[in-house]
Every structure is written in structure tokens, then in C-alpha cells.
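Let me give you the structure first, and then I'll get to my questions.
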Amino acid sequence: MAGSAQLTVNGAISQSGTRGLTKTGAGVLVLGAENAFTGTTDIAAGKIVVNHAYALDRSTVWINVDNGLDVTTHSVNATLGSLAGSGALNLGSAHIYTGLNGDTATYSGAISGSGGVHVGGSGTQTLSADSTYSGGTSVAEGATLAISADNNIG
């Protein structure tokens with residue numbers, strides 16, 4: 001999607017197998033429904049706005065551009081399969097729940113905002129950058145959170 005174009009998808013995206021979603025171009029993709037795809041979501045340019053808590057709950061989300069994932073516009077507490085990449089993430093006041101697809105993933109981008117990060121599932125979620133979010137961090141029973149910098153967690 002070029003320039004300031006915006007595409008809103010309010011229907012479910014489903015697939016067979018492990019196909020994913022790649023976001024390129026400077027535009028905005030708004031996901032407004034629970035989706036069933038299990039492949040990787042790769043944010044290479046522009047932004048994906050989460051407008052449904054379960055829009056990306058089965059997908060490993062790679063944020064490869066600063067603020068490429070937007071959970072602040074609609075104040076949705078987003079559930080992600082897992083979180084990876086290096087682009088910065090501003091939570092605003094929203095919370096993210098990650099690790100639910102059981103994958104092991106490393107996120108090296110800074111997380112900011114007053115929201116929090118919650119880790120569940122059976123995989124390992126690694127946070128490796130200094131972050132400034134202040135809404136707290138929780139780890140569910142059976143989940144693993146690995147940190148590798150002094151200021152990784154809020």
C-alpha cells in the first residue's frame with residue numbers, strides 16, 4: 001500500500017497450512033476481526049493497526065519498522081502469537097499478551113507507553129532491548145520470559 005493509503009479488513013483472514021501476512025508500503029492496514037492464519041506476520045514498512053484483540057493471536061509478529069504495530073489507535077489489548085523483530089513498539093495504555101502460539105521468539109525493539117506486557121504459552125519470549133513501558137509485566141504458569149538488558153521490563 002502506497003503513501004497514506006489505508007485498507008481496513010473487518011472479515012476474518014484464514015488459511016490452510018502456515019501462510020502468513022507481509023505488510024509492505026507506507027500505507028496502513030487495519031485488522032478488525034479475529035483471524036485464523038498461523039504463519040508469520042512481517043511488518044516491513046508502514047503500519048498494522050490492531051482493531052480486534054485476536055487479530056494476530058496465532059501469528060508470530062515481526063516488527064521490522066519503528067511503530068509498525070499500532071495497538072494505541074483503538075486502545076485494544078492485543079493478543080499476539082509471539083513477538084519478534086527490532087522496530088520500536090508504543091503500547092500507549094494498551095497491554096499485549098504474547099507467546100500464546102508456543103513459539104520461541106526474540107524481540108529486540110524498545111517498548112514504551114503506560115501499558116504492559118504479559119507472556120503466556122509454552123514457548124520462550126525474549127526481550128533484549130531497554131524499554132520504558134510502565135504497565136507491568138506478568139508471566140503465566142508454564143511460560144518463559146527471558147530478558148537480556150537491565151531495563152527490559154516495565
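Of all residues in the stretch 20-31, which are closer than 12 Å to LEU56 by Cβ and either in a loop (DSSP other than H, G, I, E, B) or at pLDDT below 90 (or both)?
GLY20 - this is the single residue of the stretch 20-31 that is closer than 12 Å to LEU56 by Cβ and either in a loop (DSSP other than H, G, I, E, B) or at pLDDT below 90 (or both).
Looking at SER114, SER148, SER128, can you tell me which residue is modelled with pLDDT of 95 or more and on the phi < 0 side of the Ramachandran plot?
SER114
Further, regarding this structure: Take SER4 and tell me if it is under 19 Å from GLY136 (Cα atoms) and either surrounded by fewer than 22 Cβ atoms within 10 Å (Cβ to Cβ) or touching an Asp or Glu at 6+ places or on another chain (Cβ under 8 Å) (or both).
Numbers: under 19 Å from GLY136 (Cα atoms): no; either surrounded by fewer than 22 Cβ atoms within 10 Å (Cβ to Cβ) or touching an Asp or Glu at 6+ places or on another chain (Cβ under 8 Å) (or both): yes.
Answer is no for this residue.
Right, next: Of (1) surrounded by 15 or more Cβ atoms within 10 Å (Cβ to Cβ); (2) over 19 Å from LEU21 (Cβ atoms); (3) at pLDDT 95 or above, SER134 satisfies all except one. Which?
Here SER134 clears every test but (1).
Exactly one of these conditions fails for SER86: (1) closer than 21 Å to SER138 by Cα; (2) surrounded by fewer than 17 Cβ atoms within 10 Å (Cβ to Cβ); (3) not β-branched (Val, Ile, Thr). Give me its number.
All conditions are met except number (1).
So, of the residues in the stretch 3-19 that are part of a loop (DSSP other than H, G, I, E, B) and β-branched (Val, Ile, Thr), which turns out to be modelled with the highest pLDDT?
ILE13
Give the number of residues within the stretch 107-135 that are of a type in the set (Gly, Ala, Ser) and farther than 15 Å from GLY92 by Cβ.
Qualifying residue count for the region: 8.
Please give the number of the condition THR18 fails out of (1) among the polar types (S, T, N, Q); (2) under 21 Å from ALA110 (Cα atoms); (3) loosely packed, with under 15 Cβ neighbours inside 10 Å.
(2)
Okay, next question. Residue check, LEU31 against (1) more than 18 Å from VAL117 (Cβ to Cβ); (2) surrounded by 21 or more Cβ atoms within 10 Å (Cβ to Cβ); (3) touching a Lys or Arg at 6+ places or on another chain (Cβ under 9 Å); (4) not hydroxyl-bearing (Ser, Thr, Tyr), all met but one. Which one?
With respect to (1) more than 18 Å from VAL117 (Cβ to Cβ); (2) surrounded by 21 or more Cβ atoms within 10 Å (Cβ to Cβ); (3) touching a Lys or Arg at 6+ places or on another chain (Cβ under 9 Å); (4) not hydroxyl-bearing (Ser, Thr, Tyr), LEU31 is out only on (3).
Right, something else. Looking only at the stretch 92-112, count every residue that is buried (at least 22 other Cβ atoms within 10 Å of the Cβ) and farther than 19 Å from THR144 by Cα and tell me the total.
Selection size over the stretch 92-112: 1.
Could you give every pair whose Cβ atoms fall below 8 Å, whose first residue belongs to the stretch 6-19 and is over 16 Å from ASP70 (Cβ atoms), and whose second residue is of a type outside the set (D, E, K, R) and not in a loop (DSSP other than H, G, I, E, B), counting only separations of at least 6 or pairs across chains?
ILE13/LEU21; ILE13/LEU31
Quick check, is VAL61 crowded, with 18+ Cβ neighbours inside 10 Å, modelled with pLDDT of 95 or more and aliphatic (A, V, I, L, M)?
Yes; evaluated as a whole, the condition is true for this residue.
The values are calculated or read from the model by the stated rules, or taken from the named source; none is laboratory data. It should be emphasised that the depicted structure is a prediction, and the values quoted were computed from it without experimental measurement. Glycine gets a Cβ as well: all are built from the backbone with ideal geometry, and neighbour counts include every protein chain shown.
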